[in-house]
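Beneath this line is the structure, given in structure tokens, with notes to follow.
The values are calculated or read from the model by the stated rules, or taken from the named source; none is laboratory data. Predicted model, so just to flag it, every value in this text is computed and none were measured. Reconstructed Cβ throughout: ideal geometry from the backbone, glycine too, with neighbour counts over all protein chains shown.
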Amino acid sequence: MDFQYSDKVKTLQARLTQFMAEFVYPNEQVFFGEIEANRAAGNAWIPTKIVEELKQKARAAGLWNLFLPQSELGAGLTNLEYAPLCEIMGRAVWAPEVFNCSAPDTGNMEVFARYASAELQEQWLKPLLNGEVRSCFAMTEPAVASSDATNIESSIVRDRDEYVINGRKWWSSGANDPRCKVFIFMGKSDPHNPNRHLQQSMIVVPRDTPGVTVLRALPVFGYDDAPHGHGEVLFENVRVPASNMLLGEGRGFEIAQGRLGPGRIHHCMRLIGLAERALEDMCKRSLSRVAFGKPVAEQGVTLERIANARILIDQARFLVLNAAQMMDTVGNKAAAKEIAMIKVAAPNMACTVIDWAIQAHGGAGVSNDFGLAYAYAQARTLRLADGPDEVHRNQIGKMELHKYKTAAH
């Protein structure tokens, strides 16, 4: 396994690192300050001026749509090439949007690029790639255990040249954002099909379609993630053209697997960047604080945590690079075990490292002054998003056991 970065990637790393240093880190307080000012004025769900300004700078700098492997619509990077760039963007929770590389838009753009008709691509993919609109992925439901996607109960029923959609979704990222103009909705079009993986379909629903109601924003540990956030959404007798169906009836589970593979690895890449920054903060803080006559960094437990954090981050990075390389060389399906492994390893690693960084900061660590509490909320969420740890561990365990069952025969 050769994970050496090409000259092209090294150049992009340098340019991206410089952009982050020049425009992103200095404006972190500006970003959060804008949100709080909007909140104080009565509406936190207003796009921040600073992000919109930086989007123009990133696009002008050629740091735009860096994802989308095997597509002429993106930067032409493989998953392995994109990984270190995604890590850099992940160092600031809000930074990926600046480069038009944030969830759920990246996953939705991949769905449109792979599975949508030319008409839907023109209508929705083009403005998404241009950063003119944002999107939402509506899959998870409050009434069922959505970790098993076959449990989904929302309905998609054909009525001549239309589909009628009914259901309640939640944790629909981006639903609250006024720039969100389109949903990709997953529901059951054939609930009685004996093959549970052929019951679901995915369909495109414009945000302004009658019957679509965003009921509320869902905070995570008190953070509402404005101005994008996560919403609970009601779909009541929503009618869309039959041509909005993606790939065909019964293909929803297939699309979901194609979408979630890249989405999972992108989350893991970003988490490594978030953990790296937490380790940096832990080292700087513990060197500058004195307790019991010597720097906190020289206290045994802190030194041990710094060492273990370095080990955990590097382990996770190598796992991610390995999964990325396999996705590029043998495909997402063949790399299913490696993708599942990083989806367990990266969020758990990030939670641990960020928690140690919080501890090293003392009371300041749980405040909003250093961003660690918010970073922890983001990392902890990703032990649930795109499949909980338990589901991925079950999948890994079954794959491991299958080798021995096969050998026994």
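Structure values in brief
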{"item": "Residue within the range 185-208 that is surrounded by 22 or more Cβ atoms within 10 Å (Cβ to Cβ), modelled with pLDDT of 95 or more, within 30 Å of residue 98 (Cβ to Cβ) and touching a Lys or Arg at 6+ places or on another chain (Cβ under 8 Å) present", "result": "yes"}
{"item": "Filter result for the condition that a residue is buried (at least 21 other Cβ atoms within 10 Å of the Cβ), of a type outside the set (A, V, I, L, M, F, W, C) and either in contact with a helix residue (DSSP H, G or I) (Cβ under 7 Å, 6 or more places away or on another chain) or touching a residue at least 12 places away in the same chain (Cβ under 8 Å) (or both), over 264, 289", "result": "264"}
{"item": "Residues located in the range 250-261, provided they are surrounded by 19 or more Cβ atoms within 10 Å (Cβ to Cβ) and either touching an Asp or Glu at 6+ places or on another chain (Cβ under 8 Å) or under 22 Å from residue 346 (Cα atoms) (or both)", "result": "256, 258, 259, 260, 261"}
{"item": "Residues of the range 46-61 that turn out to be of a type outside the set (A, V, I, L, M), without any contact (Cβ under 8 Å) to a residue 60 or more places away in the chain and not in a helix (DSSP H, G or I), as a count", "result": "0"}
{"item": "Subset of the range 238-281 [in a helix (DSSP H, G or I), of a type in the set (A, V, I, L, M, F, W, C), at pLDDT 95 or above and over 24 Å from residue 353 (Cβ atoms)]", "result": "242"}
{"item": "Some residue of the range 101-119 being hydrophobic (A, V, I, L, M, F, W, C), surrounded by fewer than 23 Cβ atoms within 10 Å (Cβ to Cβ) and at pLDDT below 95", "result": "yes"}
{"item": "The range 71-90 - residue that is outside any helix (DSSP H, G or I) and closer than 19 Å to residue 7 by Cα and, of those, modelled with the lowest pLDDT", "result": "74"}
{"item": "Every residue from the range 23-67 that is more than 12 Å from residue 98 (Cβ to Cβ), among the basic types (Lys, Arg) and either in contact with a helix residue (DSSP H, G or I) (Cβ under 9 Å, 6 or more places away or on another chain) or in the same structural domain as residue 222 (by TED's automatic domain parsing) (or both)", "result": "49"}
{"item": "Near pairs, Cβ below 8 angstrom, 6+ apart or cross-chain, from the range 372-392 (farther than 30 Å from residue 283 by Cα) to any residue that is surrounded by fewer than 19 Cβ atoms within 10 Å (Cβ to Cβ) and not aliphatic (A, V, I, L, M)", "result": "387/147; 388/147; 390/147; 391/147; 391/148"}
{"item": "Residue that is surrounded by the most Cβ atoms within 10 Å (Cβ to Cβ), among those in the range 60-83 that are over 14 Å from residue 332 (Cβ atoms) and polar (S, T, N, Q)", "result": "65"}
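For (1) surrounded by 18 or more Cβ atoms within 10 Å (Cβ to Cβ); (2) assigned to a helix (DSSP H, G or I); (3) out of contact with any Asp or Glu (no Cβ under 8 Å at 6 or more places or on another chain), each residue gets a yes or a no:
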position	(1), (2), (3)
310	no, yes, yes
314	no, yes, yes
342	yes, yes, yes
349	yes, yes, yes
365	yes, yes, yes
370	no, no, no
375	yes, yes, yes
379	yes, yes, yes
400	no, yes, yes
